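The values are calculated or read from the model by the stated rules, or taken from the named source; none is laboratory data. Everything numeric here is computed off the predicted structure, so don't read it as measured data. Note that we place each Cβ from the backbone using ideal geometry, even for glycine, and neighbour counts take in every protein chain shown. We work out accessible area using only protein heavy atoms, side chains counted, and drop any ligands, DNA or RNA first. Shrake-Rupley method; radii C 1.70, N 1.55, O 1.52, S 1.80 Å.
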Amino acid sequence: MTTSTALLFADLTGVAVFAASGASAAVAKRLDLFGVVFVGFVAALGGGIFRDLAIDEVPPLAFADWRYATTAAVTAAAVFWLHPQFARLRTTVLVLDAAGLALFTVTGTLKALDAQVPAVGACVIGMLTAIGGGLGRDLLTAEIPVVLRREIYAVAALVGAIAVALLDSLGRADTLWLTAAAVLVFVLRLVALRRRWSAPIATLRPPKTGVRGPQP
Amino acid sequence: MTTSTALLFADLTGVAVFAASGASAAVAKRLDLFGVVFVGFVAALGGGIFRDLAIDEVPPLAFADWRYATTAAVTAAAVFWLHPQFARLRTTVLVLDAAGLALFTVTGTLKALDAQVPAVGACVIGMLTAIGGGLGRDLLTAEIPVVLRREIYAVAALVGAIAVALLDSLGRADTLWLTAAAVLVFVLRLVALRRRWSAPIATLRPPKTGVRGPQP
Amino acid sequence: MTTSTALLFADLTGVAVFAASGASAAVAKRLDLFGVVFVGFVAALGGGIFRDLAIDEVPPLAFADWRYATTAAVTAAAVFWLHPQFARLRTTVLVLDAAGLALFTVTGTLKALDAQVPAVGACVIGMLTAIGGGLGRDLLTAEIPVVLRREIYAVAALVGAIAVALLDSLGRADTLWLTAAAVLVFVLRLVALRRRWSAPIATLRPPKTGVRGPQP
């Protein structure tokens, strides 16, 4: 198996995992078969489509290579029919989702750097590649995006993107180090899940001293 | 009337119909005049703007040709003032909407194929051109997109897009056959409406045998 | 201070103001720190990203110049920690927001005209540059965009965009006249706020003559 075959295989694994997460959300919202496939498609490929538009790689890979759309559609349809079994795989899905997050962060940041986007912008694009599909999934199912509400998810992606940009500026963006960056995102995400780490939430009303009335 | 004049006329008819559907949804949500025109604009032109960004035809036609934005805005404003009469035209609107769907599917798929997008991607872009405006309309009015929930709508577009891609690969993408593809989408949509066809919805809880406890 | 330095300073002021408005909305929705920064980023830079994609200036300025993303992120984070004090600045924020609206309208329309977009399309792009961030903010926090519901906000931007397009067609798009167009948007917005001007809302049920029953 050559490097590029390995990369394609890894990429399509990420697509499948994100398609499954989108399809699950759509099933829970009682969407029909088409809606489930469509939300799966957006969850799997939305981040990459945005990335490709931003770096002017047109048509976006999701449309240029049939394997991407097909992988997303077949996976989402499978979830539609198999979702009771799928629900029992919840832990597996979370682990695969963390792997997808890690992979899309690294490839998204790299592609942006290759397209001559400066480092800060490339980090943002890399993070958006990784979380964009989940954002689209939540917008389509009329939810405030979960990535904005809790858990170290986007932050893990951002840390990985910064690592990739640093490696690139040091001329060390080779397979070994990039894999290390992906592992960093993956581990960070899993540890955050395990320990229920979250980013802080602002206190809307600072606690007051003194007696409080029965009803506000 | 030349072919290109006929095509422009058909295109603007689609724009007007989708603008009317968006404006109606916005009136129902109590948006103000500007909101009604804006949602009409997005419903009419959102799909095409996405298509043009994806195939790198910039600026998108919606901005490059003033007749598109003007048609959308004038139609939406007319709905704003005339909507009680408009509501009585519901059947007419559904028929015109099916015509718009058919037209945008065929032209969207063709434009993507002309821009060298491979067949699978071109079908997805063609379908998104046709349903993208409706998605935007529903997102702006904070609804789960209706196209994802019920009825054979996007599926009719997808079937038409596949037909166009097949015709193109056979070298038969001439006016006659393309018109036939559009008629296929149009008829499929109208029959689905008439017979209340829908895509299947997943069963969330498969029926269980045996006695069930009083309250979970 | 040279003209281009002044322009950059003004542009970044607009970014900061819109980031603050997005961050405030996110704090109110109980998003976590990352969510607050992200919504601030979208509110500040979303309109400009759309504009740059539409005129094929890639990568969009928000990714190409690190000062934009940094200004947005730092401002949003500051709001996260300081928001009780920030709430007391409400009037100041509204005035700054009007200034941001004015500025983004003028620069957005100009950039579109410079990219050879015809006048009508350039006006729409200019307006979308100014209101796009607020639309993104409201979509991410699952609200019907406020700009579609009330107040002369987008309309002020549209008037300014038309003024810029007229000046450009008359060959008078110099600093003096462009500043006048920005002031026009700014004043129009402030007067609308002050006088509670709104665009009209359609009457859903025209009043009927005759006696009405007690309960519908």
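A few remarks follow.
- Among the residues of the range B:32-48, those that are of a type outside the set (D, E, K, R) and free of Cβ contacts under 8 Å to residues at least 60 places away in the same chain comprise B:Leu33, B:Phe34, B:Gly35, B:Val36, B:Val37, B:Gly40, B:Phe41.
- Here B:Val187 fulfils each of the conditions (1) in a helix (DSSP H, G or I); (2) over 14 Å from B:Gly14 (Cβ atoms); (3) within 14 Å of chain A (Cβ to nearest Cβ); (4) within 15 Å of the chain's Cα centre (by Cα) apart from (3).
- Taken over the range C:13-38, the residue count meeting the criterion of being open to solvent by 10 Å² or more (accessible area, probe 1.4 Å), part of a helix (DSSP H, G or I) and facing chain A (nearest Cβ under 8 Å) is 4.
For (1) facing another protein chain (nearest Cβ under 9 Å); (2) at pLDDT 90 or above; (3) surrounded by fewer than 24 Cβ atoms within 10 Å (Cβ to Cβ), each residue gets a yes or a no:
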| position | (1), (2), (3) |
| --- | --- |
| C:Thr3 | no, no, yes |
| C:Ala6 | no, no, yes |
| C:Phe9 | no, no, yes |
| C:Gly40 | no, yes, no |
| C:Ala43 | no, yes, no |
| C:Phe63 | yes, yes, no |
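- Put simply, of C:Thr75, C:Thr71 the only residue that is within 12 Å of another protein chain (Cβ to nearest Cβ), polar (S, T, N, Q) and in contact (Cβ under 8 Å) with a residue 40 or more places away in the chain is C:Thr71.
- The range B:85-102, subset crowded, with 24+ Cβ neighbours inside 10 Å and aliphatic (A, V, I, L, M), residue nearest to the chain's Cα centre (by Cα): B:Leu101
- Residue list for the range C:156-184, filter: open to solvent by 50 Å² or more (accessible area, probe 1.4 Å) and either in contact with an Asp or Glu (Cβ under 9 Å, 6 or more places away or on another chain) or part of a helix (DSSP H, G or I) (or both): C:Leu158, C:Val159, C:Ile162, C:Leu166, C:Asp168, C:Ser169, C:Thr175, C:Leu176, C:Trp177, C:Thr179, C:Val183, C:Leu184
- Residue list for the range A:138-184, restricted to those being away from chain C (no Cβ under 13 Å), among the basic types (Lys, Arg) and within 30 Å of A:Ala23 (Cα to Cα): none
- Matching helices (runs of 4 or more DSSP H) fully within the range C:52-116 where at least 1 residues are among the basic types (Lys, Arg): C:66-88, C:90-114
- Within the range A:46-56, being within 9 Å of another protein chain (Cβ to nearest Cβ) and open to solvent by 10 Å² or more (accessible area, probe 1.4 Å) holds for A:Ile49, A:Leu53, A:Ile55, A:Asp56.
Each row is one residue, and each column tells you yes or no for (1) within 12 Å of chain C (Cβ to nearest Cβ); (2) hydroxyl-bearing (Ser, Thr, Tyr); (3) within 19 Å of A:Asp65 (Cα to Cα).
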| residue | (1), (2), (3) |
| --- | --- |
| B:Gln85 | yes, no, no |
| B:Arg88 | no, no, no |
| B:Asp97 | no, no, no |
| B:Thr105 | no, yes, no |
| B:Ala112 | no, no, yes |
| B:Ala122 | no, no, yes |
| B:Gly134 | no, no, no |
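- Residue within the range B:113-122 that is open to solvent by less than 10 Å² (accessible area, probe 1.4 Å) and modelled with pLDDT under 90 present: no
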